Amino acid sequence: MRARYRIPLGITAAGTAGLLYAAGFEARSFRLRRVTVPVLPSGMRPLRVLQVSDIHMVGGQRKKQRWLRSLAGLRPDFVINTGDNLSDPEGVPEVLDALGPLMEFPGAYVFGSNDYYGPRLRNPARYLLEKVQGRHGLNGNPPVVDAVHNPWEDLRDGFDSAGWLNLTNTRGTLKIEGTSIELTGLDDPHIKRDRYPEVAGGPSTGADFSMGVVHAPYLRVLDAFAADGYPLILAGHTHGGQLCIPFYGALVTNCDLDTDRVKGLSTHTAEGRRSYLHVSAGCGTSRYTPVRFACPPEATLLTLVGR
């Protein structure tokens, strides 16, 4: 009789241990990745760009807040926030406090769906189903009803008052020690708020360097940025797959991007033009699925150098 239950109990114990690790350790095991990207014009000095993404702040996440504040010690040339700062309607003050030291540096931001709307409890298996069906977010799915609206305006006002550029379907320019950095941004494609025709046309001739910024790396957006000649695109949204299989990788990206490019540096080609693409795995999770496995939370310091 005992042997009959030995295997099921072993599976249960292993599953419990894995869940405790994913929620209790890995989801709080914050780390910094460093990436070098050869995209700058010849002769231009290197630029250090800190990308933070998918913070998904919930009240009381003190360790995450301390870690985010500590990133200011890197002293980047500028900061790019690629959205999904919230996972709690009450989280705006804690986001602004955690990012306060970073807002002493030049920066820019785009929003993600979770900045606008509160998270909903959903079966994780739906992400696999949506991948098979080719439907993600509002792209092919019916509109969301009875959504909780987050106070994104307060978040916007806090970033704006610090001097960060709002890249919501618009362009902006940062001046870094006399160097002109043009940033072209889009609102979140995951909820169909992107309006690329409003920013189309490619890099401006007067900028020393130009790059694209978006929350969710949908192919239509990557195609547009690459075809327009942007040498670098920054995105987030995917959480790096969040629950990955060791030695295999991510199962889903929560958009139509392939899993081979779910996080880190890769390239994207459209109409014969190639761009570097960096997708941040982000440093948070939804409040309803506070776990990560084989995909620790992160921020990235990108050093841009000459081609």
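The values are calculated or read from the model by the stated rules, or taken from the named source; none is laboratory data. Note that this is a predicted model, so its numbers are computed, not measured. Neighbour counts are summed over all protein chains in view; Cβ atoms, including those assigned to glycine, are modelled from backbone coordinates with ideal geometry. Note: areas computed on protein heavy atoms with side chains; ligands, DNA, RNA excluded. Shrake-Rupley method; radii C 1.70, N 1.55, O 1.52, S 1.80 Å.
Would you mind telling me which numbered condition in (1) open to solvent by 70 Å² or more (accessible area, probe 1.4 Å); (2) out of contact with any Phe, Trp or Tyr (no Cβ under 9 Å at 6 or more places or on another chain) residue 170 fails? Residue 170 satisfies all of (1) open to solvent by 70 Å² or more (accessible area, probe 1.4 Å); (2) out of contact with any Phe, Trp or Tyr (no Cβ under 9 Å at 6 or more places or on another chain) except (1). Being buried (at least 17 other Cβ atoms within 10 Å of the Cβ), among the charged types (D, E, K, R) and in contact with a Lys or Arg (Cβ under 6 Å, 6 or more places away or on another chain): is that true of residue 187 here? When the stated conditions are applied, residue 187 passes them.
Among the candidates 265, 277, which residue alone is hydrophobic (A, V, I, L, M, F, W, C), out of contact with any Gly (no Cβ under 6 Å at 6 or more places or on another chain), open to solvent by 20 Å² or more (accessible area, probe 1.4 Å) and closer than 15 Å to residue 236 by Cβ?
So the residue among 265, 277 that is hydrophobic (A, V, I, L, M, F, W, C), out of contact with any Gly (no Cβ under 6 Å at 6 or more places or on another chain), open to solvent by 20 Å² or more (accessible area, probe 1.4 Å) and closer than 15 Å to residue 236 by Cβ is 265.
Taking the criterion of being under 20 Å from residue 219 (Cα atoms), in contact with a helix residue (DSSP H, G or I) (Cβ under 9 Å, 6 or more places away or on another chain) and surrounded by fewer than 17 Cβ atoms within 10 Å (Cβ to Cβ), the residues of the range 133-167 that qualify are 135, 138, 140, 141.
Looking only at residues in the range 166-193 that are within 17 Å of the chain's Cα centre (by Cα) and of a type in the set (A, V, I, L, M), the one that is farthest from residue 143 (Cα to Cα) is 183.
Please determine, by comparing only the residues of the range 214-262 that are assigned to a helix (DSSP H, G or I) and among the acidic types (Asp, Glu), which one is least open to solvent (accessible area, probe 1.4 Å).
That would be 223.
Among residues of the range 143-156 that are within 22 Å of residue 99 (Cα to Cα), those with a Cβ under 6 angstrom from a residue that is charged (D, E, K, R), sequence gap 6+ or separate chain, pair up as 152/115. Here is the figure for the range 258-272: residues that are touching a Ser or Thr at 6+ places or on another chain (Cβ under 7 Å) and in contact (Cβ under 8 Å) with a residue 40 or more places away in the chain total 1.
Out of all the residues in the range 144-156, is one or more modelled with pLDDT of 95 or more and at positive phi? No, every residue in the range 144-156 fails to be modelled with pLDDT of 95 or more and at positive phi.
Scanning the range 254-307 for residues that are out of contact with any strand residue (DSSP E or B) (no Cβ under 8 Å at 6 or more places or on another chain) and within 19 Å of residue 39 (Cβ to Cβ) gives 270, 271, 272, 273. Here residue 296 fits the description: open to solvent by 10 Å² or more (accessible area, probe 1.4 Å), over 23 Å from residue 138 (Cβ atoms) and within 15 Å of the chain's Cα centre (by Cα). Taking the conditions (1) out of contact with any Ser or Thr (no Cβ under 6 Å at 6 or more places or on another chain); (2) buried (at least 21 other Cβ atoms within 10 Å of the Cβ) in turn, residue 175 satisfies each one other than (2).
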